[in-house]
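Chemist: Structure provided below as C-alpha cells; questions to follow.
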Amino acid sequence: MRIWIEKQKYLIDFTISSLARRKVKNVGLLCLYTLIVFLLASVMLFTQALRREAAASLAGAPDVIVQRMVAGRHDLIPPDYIGKLGGLRGVRKTEGRLWGYYYDPFLRANYTVMAPPSGGEDGVSTGQVAVGQEVARRIGLTRNAKIALTAYSGETVWFTVAKLLTRESELLTADLVLMSEEDFRSFFGYPAGQYTDIALTVTNPQEVHNLAGKIANRLPDSRVILREEILRTYESIFNWREGVVLMLLSGAVIAFAIFALEKASGLSSDEKREIGILKAIGWETGDVIKMKFWEGCLISLTAFLLGYTAAYLHVFRFAAALFEPVLKGWSTLYPDFELVPTLDGFELATLFFFTVFPYALATIVPIWRAAVTDPDSVMRGSL
Amino acid sequence: MTAVRLGSRLARRSHRALAFLTAIAGLFLLTFADAAWLRNCRAPGARAQAELAKRLGLTDLCLFTEARYTRHLSQADWHSAFQDHPGALEHFPSGSLVPPPAIPLHHANLDRKTKISD
C-alpha cells in the first residue's frame, strides 16, 4: 500500500511539473473552469433557495381567493358577494381584502397599498401608515416621520409612519404600505362595502377543489385562485428562470466544453513527444494514463471546489449581488433580502457529475490512444 | 523542529498540491456547517415572515415591482404578463423570466372540470 501511495505521489509530482511547463494555458483553463462551475452553482443555489423561501413564506396564504371579473378585467367585489360565499358549506371564514397600487411620481415607483384586517397586531390607526423597509429607505422615512401621498381625489394627504415593517420580511413587504380601512377607502375613493377580492379559509383543505366548483357555479363572474395555484406559480417561475439562465449560460458552457475538449483531447506536439519519451524510458501505458488521470482530477476537483465555495458565498453571504440587476429589471423598489441556505444533495451530486467527470474522462481517452502507440511513431509525430 | 519537518514535506510538489486540495475541500465542507449555522440564525426571521404573510394574507413575493401584474403574479389577470397573447414578447425585462401559461385555458375552466359532490 505504501509503495502504491508513493507511486501515486511521484505521478502527481510529475503531473504538476508537466502542467507547470504550460502554465499560462493551464491557469487559464482552471480560471475558466472555476468560473463556469461558479455560475452554474450560483444559479442552482439561488433558485433552489428562492423556491423554498416562496413555498415556506406563502404556505400561509389564503386557501382560496375570489376575484370578480368584468369584461375580462379584475373588478371590485360587490357588498353581497361575501354573504353569498359565507353560506357555502366548507367555508370557515370569509374576509374581504382591500389592496391596490399607488404610483409615486417622485420616486417613480409602485407601492402596494393594503388595509390589514382590523383588530390584528398589524392594524394601523387612522392617519397612520406602516411602510416596508425599501419604501422607507428610498424616501428616507423613520418612525413617526410624515409622508405625503396624493389621493385619487387630487388632494394631498399626510400620514404618520407608525412603524416600519421588519427587515426579515422584506422579500414580501419591501414595497408595502399599510393603512387603516377608513383611510384606504377615502384615499382611493373606494365605495363603501366593496372589496378588492375575498379571501376564504376552508374547513377541509381536501375539499378545496369542490368548493372552487361551487363558487364558480354560485358566482359565474368570479375567478377562483387556490393557494396551490399560487405556490405552483412560483415553483414554475423559478424552474423557468433557472432554465432561462442556464440557457443563457449554455453558450459559455459550450465554449468552455470546446476549449476543454480541445485542451484535453487534442494533444499538442509537445505532449505527444513527452508521452513518447516517457514510453521510451520505460513508463508503462497504465502509468501514462494514471498521470493524465491525476491531471484531470486535480484540475476538475480544484475548479469544482473553488467554484462551488465561491458560489455559496456569493448567494448566501453576498446576497446574490450578481443576480440583482437581472431580477430587478426596471423595478425601482427591490428588496434587500437574505436567503435561508438550503443545500440539496442530489442537485450538488448532479453538478459534480456534470462538471468533474466529463473533463476527467476527456483527458484519459486521447492519452490512451497515444500511450498504446509505438513510442518512436509518437515522437516522430506520426500519430 | 515541526516547522522544519513541515517545510521539508511541503517542498515536494505532490504534498503541496494535496495540501491545497485538502484546504479547499475543507472550505467546501465548511459551507455545509455555515449553511446549518445560517439556517439557525435566519429561521426566526423566516418564521416571522411566514406569520406576517399569513396575518396579512399576502400572496406574492416582492421581486418584480415594475408593473402590477409582475408584482402580483398569482393575482394578475389571465395572460396579463403576456397581454397581447400568450407567449407575446413582454415590455418588461421580467417578462423574459416569467413563463407563459402552458395551456392558456387551463386556468379558466375550473368550474367545468370540478365535480360537485352535493
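Just so you know, all these numbers are worked out from the coordinates, no wet-lab data involved. In this text, all values refer to a predicted model and were calculated from it rather than measured experimentally. Methodologically, a virtual Cβ is constructed for each residue, glycine included, from the backbone with ideal geometry; neighbour enumeration extends over all protein chains shown.
Chemist: Choose one answer from A:Ala362, A:Ala71, A:Ala109: the residue with the largest mean-square fluctuation in a GNM of chain A with alpha-carbon springs under 10 Å.
Modeler: A:Ala71
Chemist: Hey, rough spin-label estimate for A:Ser125 and A:Arg22, points 7 angstrom out along Cα→Cβ, what's it come to in nanometres?
Modeler: For A:Ser125 paired with A:Arg22, the spin-label model returns 7.7 nm.
Chemist: May I pose another question? Straight distance only, please: which lysines reach the Cα of A:Lys328 with their own Cα at less than 19 Å, same-chain residues fewer than 8 apart left out?
Modeler: none
Chemist: Name the helices (complete DSSP H segments) of chain A with a Cα length along the long axis of 30 Å or more and a Kyte-Doolittle mean of at least 1.6, or state none.
Modeler: On the way: long enough: A:23-57 (49 Å, 1.11); A:227-265 (52 Å, 0.63); A:285-312 (40 Å, 0.76); A:345-371 (38 Å, 1.33).
Within chain A not a single helix satisfies the rule.
Chemist: Counting DSSP beta bridges in chain A, what percent are antiparallel, to the nearest 5?
Modeler: 80
Chemist: Here is a follow-up. For the range A:29-110, count all C-alpha to C-alpha pairs, find those more than 22 Å apart, and express that count as a whole percent of the total.
Modeler: It works out to 62 percent of all Cα pairs.
Chemist: From Cα pairs below 8 angstrom and at least 6 apart in sequence, can you work out the relative contact order of the range A:34-121, rounded to a whole percent?
Modeler: 12
Chemist: Hey, another quick one. When chain A is treated as a GNM, springs tying every alpha-carbon pair under 10 Å, which of A:Phe352, A:Phe14, A:Phe159 comes out with the largest mean-square fluctuation?
Modeler: Taking springs between Cα atoms under 10 Å, the residue moving most is A:Phe14.
Chemist: So what does log10 I(q)/I(0) come out to for the range B:6-56 at q = 0.17, 0.22, 0.25 Å⁻¹, using the Debye formula with one equal point on every Cα and no solvent?
Modeler: Once normalised to I(0) and log-transformed, intensities are -0.66, -0.80, -0.87.
Chemist: Testing the spin-label approximation: label points 7 Å from Cα along Cα→Cβ at A:Arg218 and A:Phe346. State their distance in nm.
Modeler: 4.0
Chemist: So, one more: What is the fewest-to-most order of B:Thr22, A:Thr160 by other Cβ atoms lying within 10 Å of their Cβ? Show your work: numbers first, answer last.
Modeler: Values: B:Thr22 10, A:Thr160 14.
By the 10 Å Cβ count, ascending, the order reads B:Thr22, A:Thr160.
Chemist: Something else about it: Which FRET efficiency value, to the nearest 0.05, do you get for A:Ile139 and A:Ser269 by plugging their Cβ-Cβ distance into 1/(1 + (r/R0)^6) with R0 = 51 Å?
Modeler: 0.15
Chemist: Roughly what percent of Cα-Cα pairs across the range A:77-195 reach past 25 Å? Kindly include the intermediate steps, with their values, before the conclusion.
Modeler: On the way: 1831 of 7021 pairs.
Considering the range A:77-195, 26 percent of its Cα-Cα pairs are separated by more than 25 Å.
Chemist: Could you tell me what fraction of 2.2 N^0.38 Å the Cα radius of gyration of chain A comes to, as a two-decimal ratio?
Modeler: Ratio of Cα Rg to 2.2 N^0.38 Å: 1.47.
Chemist: Over chain A, what is the mean sequence separation of C-alpha contacts under 8 Å (at least six apart), divided by residue count, expressed as relative contact order in percent?
Modeler: 28
Chemist: Would you mind checking the radius of gyration and Dmax of the range A:163-255 based on alpha-carbon positions, in Å?
Modeler: Reported Rg and Dmax, both Å: 20.2, 62.
Chemist: So what J values fall out for the range B:26-42 if you push phi through Karplus, 6.51 cos²θ - 1.76 cosθ + 1.60 with θ = phi - 60°, rounded to Hz, Gly and Pro as x?
Modeler: x, 4, 4, 5, 5, 4, 5, 5, 5, 4, 5, 5, 5, 4, 5, 5, 8
Chemist: Related question: Less than 18 Å apart at the alpha-carbon level, and either on another chain or at least 8 residues along: which lysines does that give for A:Lys93?
Modeler: Correct list for A:Lys93: A:Lys84, A:Lys214, B:Lys54.
Chemist: When a footprinting reagent is the concern and you count Cβ atoms within 10 Å, what order do A:Ser42, A:Ser186, A:Ser169 take, fewest first?
Modeler: Ascending number of Cβ neighbours within 10 Å: A:Ser186, A:Ser42, A:Ser169.
Chemist: For the range A:75-127, what is the convex hull volume of its Cα atoms per residue in Å³?
Modeler: With only Cα atoms used, the range A:75-127 gives 138 Å³ per residue.
Chemist: How far is it, in nm, from the label point at B:Arg39 to the one at A:Lys93 when both lie 7 Å from their Cα along the line to the Cβ?
Modeler: 3.0
Chemist: Also, I was wondering about something else. Report the paramagnetic label zone for A:Ile277: residues of the range A:13-45 whose backbone N is under 16 Å from a point 7 Å from Cα along the Cα-to-Cβ axis.
Modeler: A:14-23
Chemist: Rounded to whole Å, give me the distance from the Cα center of the range A:90-126 to that of the range B:12-44.
Modeler: Rounded to whole Å, the Cα centres lie 45 Å apart.
Chemist: What is the gain in length, in nm to one decimal, between A:Lys7 and A:Val253 on full extension, counting 0.36 nm per residue of separation less the C-alpha to C-alpha distance?
Modeler: 85.0 nm
Chemist: Could I ask something else about it? Lysines near A:Lys292 by alpha-carbon distance under 26 Å, same-chain residues fewer than 8 away left out - which ones?
Modeler: A:Lys7, A:Lys9, A:Lys23, A:Lys25, A:Lys263, A:Lys272, A:Lys279
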